[in-house]
């Protein structure tokens with residue numbers, strides 16, 4: 001056991017401790033990462049935008065209606081909000097558009 005400790009101490013004394021701050025500064029001075037930073041910021045904004053879409057927030061039920069996909073929020077087409085498209089993605093985009101155009105006062109008048 002004593003020889004193990006001696007070997008461990010000898011190896012440890014040969015390894016310099018890593019100064020991560022100095023390492024990051026050295027890498028930063030060698031490479032310009034400003035372009036990558038701008039790209040990451042743009043991607044973060046894109047993700048934030050996607051999270052705010054009505055189809056993401058309200059999670060309409062997706063089903064096939066005839067030959068198209070239907071994204072429906074509500075009990076039925078008459079009382080709910082729906083979007084249609086040839087693909088689920090297109091139906092969700094149409095749902096987002098319908099959600100933004102939805103006028104609650106008109107729905108209330110029909111009820």
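The values are calculated or read from the model by the stated rules, or taken from the named source; none is laboratory data. Just so it is clear, the model here is predicted, and its values are computed rather than measured. FYI the Cβ positions are ideal-geometry reconstructions off the backbone, even for glycines, and counts take in every protein chain you see.
Summary of values
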read-out	value
Checking residue 92 against (1) surrounded by 10 or more Cβ atoms within 10 Å (Cβ to Cβ); (2) modelled with pLDDT of 85 or more; (3) out of contact with any helix residue (DSSP H, G or I) (no Cβ under 9 Å at 6 or more places or on another chain), the condition it does not meet	(3)
From the options 79, 65, residue that is more than 24 Å from the chain's Cα centre (by Cα) and touching a residue at least 24 places away in the same chain (Cβ under 8 Å)	79
